[in-house]
1. For region 87-107, enumerate the residues that are part of a loop (DSSP other than H, G, I, E, B) and surrounded by fewer than 17 Cβ atoms within 10 Å (Cβ to Cβ).
2. One residue is enough: does region 94-114 have a residue meeting the conditions at pLDDT below 70 and farther than 21 Å from T22 by Cα?
3. When Q162 is evaluated against the numbered criteria (1) modelled with pLDDT under 90; (2) in contact with a Pro (Cβ under 6 Å, 6 or more places away or on another chain), which criterion, by number, is the only one it fails?
4. Name the pairs whose Cβ atoms lie under 6 Å apart, with the first residue in region 128-153 and free of Cβ contacts under 8 Å to residues at least 40 places away in the same chain, the second assigned to a loop (DSSP other than H, G, I, E, B) and loosely packed, with under 15 Cβ neighbours inside 10 Å, and 6 or more positions between them or separate chains?
5. Are any residues in region 37-89 polar (S, T, N, Q), at pLDDT below 90 and within 25 Å of Q9 (Cβ to Cβ), and if so, which ones?
6. For region 8-55, which positions are of a type in the set (K, R) and either within 21 Å of N94 (Cα to Cα) or touching a Ser or Thr at 6+ places or on another chain (Cβ under 7 Å) (or both)?
7. Could you give me the residue pairs with C-beta distances under 7 Å whose first residue belongs to region 18-29 and is in a helix (DSSP H, G or I), whose second residue is of a type in the set (V, I, T) wherever it lies, and which are 6+ apart or on separate chains?
8. Every residue in region 169-181 that is surrounded by fewer than 10 Cβ atoms within 10 Å (Cβ to Cβ) and more than 22 Å from the chain's Cα centre (by Cα), please.
Amino acid sequence: MVLVIGLLQTDWGQNWLTRQVTQKLSRDLKTHISINHVRFHFFDKMDLQGVFIQDQNKDTLMYAGTVKVLITDWFFFKDKAELQYIGLSNAIVNFNSKDSVWNYNFLGKYFASSDTRTKKSSGIRFDLKKVELDNVSFVQKDVWTGNDMVIKVKSLEMDARQITLTGKTLDMSPLDLVAPYFSTFS
């Protein structure tokens, strides 16, 4: 056990483990996921560089130069982990739809399946307290309805009191936003 923990403290061990996880996810999701480099800090912080997720049509769903997350200490030994911070820099996220199905639907089905053969219980609860974006773009192309949207931000810092996806709640303290851009086309 000490040897395994020691191995996971090295860059080589952390990146080897990350390759194994991304290869399994790529197989399970029938798409391509890659992370160029990862660094875990004291088993609660992760710095990921060169994060690439392809949709099932082989188009880019997301690329991020850097993804940083802060998660519960020693999260892999716990039933539930809390994601408290996320930072994205030099990222683009593409949402595409040629019909009523969006290019990211396969992710929702994978992580929320009620089929015990395909259910992947992540055990992660989102308790985001801080979000930081640096040079991030969200591009939505909806060919089916003919609506396109682009949202870009040079910098965004948000401190949240409460964010819930199920309750659709976003309660935050001041939001720092630099060079926002919004465009829509119908």
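The values are calculated or read from the model by the stated rules, or taken from the named source; none is laboratory data. A quick note: this is a predicted structure, and the numbers were derived from the prediction, not measured. Cβ sites come from the backbone with ideal geometry, for glycine too, and all protein chains shown count toward neighbours.
1. Listed by number, the residues that qualify are K98, D99, S100, V101.
2. So far as region 94-114 goes, yes, one or more of its residues are at pLDDT below 70 and farther than 21 Å from T22 by Cα.
3. (2)
4. Correct list of pairs: N147/S186.
5. Answer for region 37-89, where residues must be polar (S, T, N, Q), at pLDDT below 90 and within 25 Å of Q9 (Cβ to Cβ): T72, Q84.
6. K30
7. T18/I35; T18/V38; T22/I33; T22/I35; L25/I33; S26/I33
8. Selection gives S173, P174.
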